[in-house]
Amino acid sequence: MKISLLVPCYNEEKSLEASIKSCLNQTRPFDELIFINDCSKDRSGEILSKYSGLIYAYKTPQNTGNKSSAQEYGLQFITGDIVVMTDADTLLKINFVEEIEKSFSDTQVVAVAGRVQSIAYNWLTLCRAYEYAIGQNIHKVAQNYINYIFVMPGAASAFRVETFRKYISFDHDTLTEDLDFTYKLHYNNLKIIYNPSAISYTQDPADLKNYINQLRRWFGGGWQNLVKHYTSAPLNLTMAFELSLLYFEGVIFSVLLFLIIIINTWMALWLLVGYLAIATIIGIAMAIKEKRWALAIAPFPYMILIFVNAYVYLEQFIKEVIFKKRNLIWFKPERLDLKP
Amino acid sequence: MITPFIGLSTLIHLILIIIYRLFHLKKSSHLLIYKYRSIRAFLGLSIIFSMFSFIFVSAVFMLHASAVEKHSEIHIIENFIDSHDGQVALNQL
């Protein structure tokens, strides 16, 4: 089995070298490493040339402006059976490729979703780590059982190249291409699995402005994809179940959160205290499971973020679904320095 | 991140994990329900409708409970008006 890597990069000088090294330093090496330089204006091109001989680096004819266009450009150079897609701000765990290879030993499997962990930096990244922990230890495990992985993470996913070329097109009409790919695979009843041992470490926004902008892209992209693919939902029962659970919960409880505060501040306070208690119990469980003890205190700052999350969720629902103001401007959060 | 909350979806997914592990159920397959497109569409729409009804009714119930509870802003305003002459109280508001 030939395993290729595809990494698009644009102005990634702060993290690129560490990312390349993590891709090279694998227990089961990649057979082909392809990096697509999307006409970066910083030292990314220079860093890529430093590793020529170990990796293949290609430059797009002009800046494409988003990740999926750079991926589409890079796909033509892939010669492997499996392609791993990740980001240039992401580090792969040493056994990542080994785990991916194991998952594809089942010939029915066409795509594997890896596990994403947030690199620790401050309270915001801690809250994101808390969300990832719940998302990947509870949501994704359950989705794996019912055979409906909601989204293949952009930072850690792998596909059979033949299937990818046959069923997935780069439409560039949503902000979350990874979700678009996942919908297309489900639509064709193809088998996607989740491998929690295929771990990647990613950078998450470290300030509120970047956090909100990233949320706008994620939630906005989520609504864009739902509008694009909703007709296929009733035909797949697990898809109908998952999508209605996630999206109805998101909208109805976001509205409820703000309404209860207006109607009965005292009761809202008590509900939030109860919510904090449950979130703390889950936080302790996640801290033990992930052996990351800070997760036990994450629910406290997370209580502030639920208001931000709910607000952005509703904002994007109104923009994308009600007013149909489609935003396709790609947002790239500011990177932090990653030591190679 | 798939939902803005750790809420109902987390609880339901947790229950699913427990059921699957407790009863050693195998992973479900799309292929089992691949035939009979119209039945599938009907069942799918029923699931969507049921989920919406369940979540919506829960939300309305919570909203109603918060509105009738003694600390509710509506309740406080009503009490205020009742304890005064309505017109005077409204002028004061």
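Any residue at all in the stretch A:204-222 that's within 15 Å of the chain's Cα centre (by Cα) and assigned to a loop (DSSP other than H, G, I, E, B)? Checked against the condition, which is being within 15 Å of the chain's Cα centre (by Cα) and assigned to a loop (DSSP other than H, G, I, E, B), the stretch A:204-222 yields at least one hit.
Closer than 27 Å to A:ILE306 by Cβ, surrounded by fewer than 18 Cβ atoms within 10 Å (Cβ to Cβ) and within 13 Å of chain B (Cβ to nearest Cβ): which single residue out of A:TYR230, A:TYR247 fits that description? Steps first, please.
Numbers: A:TYR247 fails: surrounded by fewer than 18 Cβ atoms within 10 Å (Cβ to Cβ).
Only one candidate passes the filter, namely A:TYR230.
Would you confirm whether or not the stretch A:239-254 contains a residue that is touching an Asp or Glu at 6+ places or on another chain (Cβ under 9 Å) and more than 20 Å from A:TYR313 (Cα to Cα)? Checked the stretch A:239-254: no residue is touching an Asp or Glu at 6+ places or on another chain (Cβ under 9 Å) and more than 20 Å from A:TYR313 (Cα to Cα).
Pick out the one residue from A:LEU175, A:LEU243 that is outside any loop (DSSP other than H, G, I, E, B) and aliphatic (A, V, I, L, M). If you could, list the steps in order and put the result at the bottom.
Numbers: A:LEU175 fails: outside any loop (DSSP other than H, G, I, E, B).
None of the others qualify; the one that does is A:LEU243.
Which one is farthest from B:SER58 (Cα to Cα) among residues in the stretch A:256-306 that are aromatic (Phe, Trp, Tyr) and surrounded by fewer than 17 Cβ atoms within 10 Å (Cβ to Cβ)? By that ranking, first place goes to A:TRP293.
Can you confirm whether the stretch A:123-137 contains a residue that is modelled with pLDDT under 95 and assigned to a loop (DSSP other than H, G, I, E, B)? No, the stretch A:123-137 has no match at all. Candidates A:LEU256, A:LEU235: the one that is of a type outside the set (Val, Ile, Thr) and under 28 Å from A:HIS172 (Cβ atoms) is A:LEU235. Keeping to the stretch A:266-302, report how many residues are over 26 Å from the mean Cα position of the chain (by Cα) and at the interface with chain B (Cβ under 7 Å from one of its Cβ atoms). Total meeting the criteria: 2.
If you check A:ALA88, A:ALA18, which single one turns out to be among the aliphatic types (A, V, I, L, M), within 21 Å of A:PRO153 (Cα to Cα), assigned to a helix (DSSP H, G or I) and within 23 Å of the chain's Cα centre (by Cα)?
So the residue among A:ALA88, A:ALA18 that is among the aliphatic types (A, V, I, L, M), within 21 Å of A:PRO153 (Cα to Cα), assigned to a helix (DSSP H, G or I) and within 23 Å of the chain's Cα centre (by Cα) is A:ALA18.
Taking the residues in the stretch A:12-29 that are touching a helix residue (DSSP H, G or I) at 6+ places or on another chain (Cβ under 6 Å), of a type outside the set (Lys, Arg) and surrounded by fewer than 22 Cβ atoms within 10 Å (Cβ to Cβ) as candidates, determine which candidate is modelled with the lowest pLDDT. Working first, answer last.
Let us first name the residues in the stretch A:12-29 that are touching a helix residue (DSSP H, G or I) at 6+ places or on another chain (Cβ under 6 Å), namely A:12-13, A:16-17, A:26-28.
Filter once more, so that each one left must be of a type outside the set (Lys, Arg): A:12-13, A:16-17, A:26-27.
Filter again for surrounded by fewer than 22 Cβ atoms within 10 Å (Cβ to Cβ), leaving A:13, A:17, A:26-27.
Values: A:GLU13: 91, A:GLU17: 94, A:GLN26: 96, A:THR27: 97.
So the residue we want is A:GLU13.
The values are calculated or read from the model by the stated rules, or taken from the named source; none is laboratory data. What you are looking at is a predicted structure, and each value in this text was computed from that prediction instead of being measured. Because the Cβ atoms are built from the backbone with ideal geometry, glycine has one as well, and the counts that use them run over all protein chains shown.
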